[in-house]
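Enquirer: Sharing a structure here in structure tokens format.
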Amino acid sequence: MKLGRYVGLVSLTGLFVTAAACSNPMTEALQTLADAGPGGDTKGGKSSSGSNKDDDEDEHDDKDESKPKPSDNDDDPPLPPAKDGGSEAGPPVPGPTTCLDPTPINAGLFPYKKARVTPGACTNAELNTLSSYFTTQTDNGVDPSVAQWSAQVSARCAQCVFSDGTGTTWTPIITAGDQLSNVNRGGCLEVKSGKESCGRAYQQATECRVEACLSLCQTQSEFNQCLSDTDGIFGPGGPCKPILDVMSLECGANFGAYETACQGTNWSFEGSIKAQCINGN
């Protein structure tokens, strides 16, 4: 399974509320926008194929004779070389710590449609079946087949949960061919808040977070670290700050309660299935 947008979206964390039940950092990516989840083996991430330049840099560091020698006083740490070649230097300037792309991201990149709500279409047992099937497939490194996945439950439940997104409303899981394409996390926020605009803004914020880390991150570890940089992503000057501002406005002061109510046990789609296909509220 390759690193991609949906991998982050099926994770358990939300924008600000951390769910504790996940074991996989990659699939935990968008369970909360507060962090990328604890460490551990991944359930559907990109293999770490990027080269590491740190070894080469260490070799050069050993041979760098421009570095200052320790002073006669062993208690005094050596000063870094001055930028102008002088003997004194100011405080070191920290470099980037993640592969976050700081380019501003337009919310228009992430479409959204009103949540399709069919109360009673699925049972809690069917939800557990869907979640267990997905877990088994990803644990085995297999991209779940939507045809086989949907066949695990009744036709009515499958119709409520899965769709290709081309209709006027969105189900909890959006498909492309026989593969999972997207998770409608905003659908649950829409149901809980009663506002389509809140659901849309939340969906766009979660997707923006993933998008900000997709273009420059080369390995699983880099991607997870980038997703955890919420200050860089959503803080002042961050690529998703404008989208977050809209979400805060549309979802209002009760946003945290909405998101908590939408947390699943293992995967983010569980909250949307509960809201859209079981409870209807």
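Enquirer: Against the condition modelled with pLDDT of 95 or more, crowded, with 24+ Cβ neighbours inside 10 Å and farther than 29 Å from residue 133 by Cα, how does residue 173 come out, does it pass?
Expert: Values: modelled with pLDDT of 95 or more: yes; crowded, with 24+ Cβ neighbours inside 10 Å: yes; farther than 29 Å from residue 133 by Cα: no.
Here the answer is no, as residue 173 does not meet what is asked.
Enquirer: Tally the residues that are touching a residue at least 60 places away in the same chain (Cβ under 8 Å) and either in contact with a helix residue (DSSP H, G or I) (Cβ under 8 Å, 6 or more places away or on another chain) or hydrophobic (A, V, I, L, M, F, W, C) (or both), restricting the search to the stretch 104-146.
Expert: Applying the first criterion (touching a residue at least 60 places away in the same chain (Cβ under 8 Å)) to the stretch 104-146 yields 104-105, 107, 109-110, 112, 114-124, 127, 130-131, 134-135, 138-139, 141-143.
Going one step further and asking which of them are either in contact with a helix residue (DSSP H, G or I) (Cβ under 8 Å, 6 or more places away or on another chain) or hydrophobic (A, V, I, L, M, F, W, C) (or both), we end up with 104-105, 107, 109-110, 112, 114-124, 127, 130-131, 134, 142-143.
Total satisfying the criteria: 23.
Enquirer: Taking the stretch 176-204 on its own, how many of its residues are among the hydrophobic types (A, V, I, L, M, F, W, C) and either modelled with pLDDT under 95 or not in a helix (DSSP H, G or I) (or both)? Steps first, answer last, please.
Expert: Within the stretch 176-204, the first condition is being among the hydrophobic types (A, V, I, L, M, F, W, C), and the residues that meet it are 176, 180, 183, 188-189, 191, 198, 201.
Imposing the further condition that a residue be either modelled with pLDDT under 95 or not in a helix (DSSP H, G or I) (or both) reduces the set to 176, 180, 183.
Count: 3.
Enquirer: Another question, then. Could you tell me which of the residues 265, 260 is touching a residue at least 60 places away in the same chain (Cβ under 8 Å) and part of a helix (DSSP H, G or I)?
Expert: Numbers: 265 fails: part of a helix (DSSP H, G or I).
After ruling out the rest, the residue left standing is 260.
Enquirer: Name every residue in the stretch 126-175 that is under 26 Å from residue 205 (Cα atoms), in a helix (DSSP H, G or I) and of a type in the set (A, V, I, L, M), in order of residue number. Before you say what the answer is, go through the steps one by one.
Expert: Of the residues in the stretch 126-175, the ones under 26 Å from residue 205 (Cα atoms) are 127, 130-131, 134-135, 138, 143-144, 146, 160-175.
Now drop any that are not in a helix (DSSP H, G or I), which leaves 127, 130-131, 134-135, 138, 146, 160-161.
If the condition is that a residue be under 26 Å from residue 205 (Cα atoms), in a helix (DSSP H, G or I) and of a type in the set (A, V, I, L, M), then 127, 130, 146, 161 are the ones that fit.
Enquirer: Kindly indicate which of 148, 159, 152 is closer than 17 Å to residue 124 by Cα, out of contact with any Phe, Trp or Tyr (no Cβ under 7 Å at 6 or more places or on another chain) and modelled with pLDDT of 95 or more. Walk me through how you get there before you give the answer.
Expert: Details: 148 fails: closer than 17 Å to residue 124 by Cα; 152 fails: out of contact with any Phe, Trp or Tyr (no Cβ under 7 Å at 6 or more places or on another chain).
After applying the criteria, what remains is 159.
Enquirer: Here's another thing I want to ask about it. Looking at residue 165 and the list (1) closer than 22 Å to residue 131 by Cβ; (2) touching a residue at least 24 places away in the same chain (Cβ under 8 Å); (3) touching a helix residue (DSSP H, G or I) at 6+ places or on another chain (Cβ under 9 Å), which single condition is not satisfied?
Expert: So the condition that residue 165 fails would be (3).
Enquirer: Are there any pairs with C-beta distances below 6 angstrom linking a residue in the stretch 207-236 that is farther than 24 Å from residue 111 by Cβ and in a loop (DSSP other than H, G, I, E, B) to a residue that is of a type in the set (A, V, I, L, M) and modelled with pLDDT under 90, with the two at least 6 apart or on different chains, and if so which?
Expert: Close Cβ pairs (under 6 Å, with a partner that is of a type in the set (A, V, I, L, M) and modelled with pLDDT under 90) amount to 228/36.
The values are calculated or read from the model by the stated rules, or taken from the named source; none is laboratory data. Bear in mind the structure is a predicted one, so any value in this text is a computation, not a measurement. Positions of Cβ are generated from backbone atoms using ideal geometry, with glycine treated the same way; all protein chains shown enter the neighbour counts.
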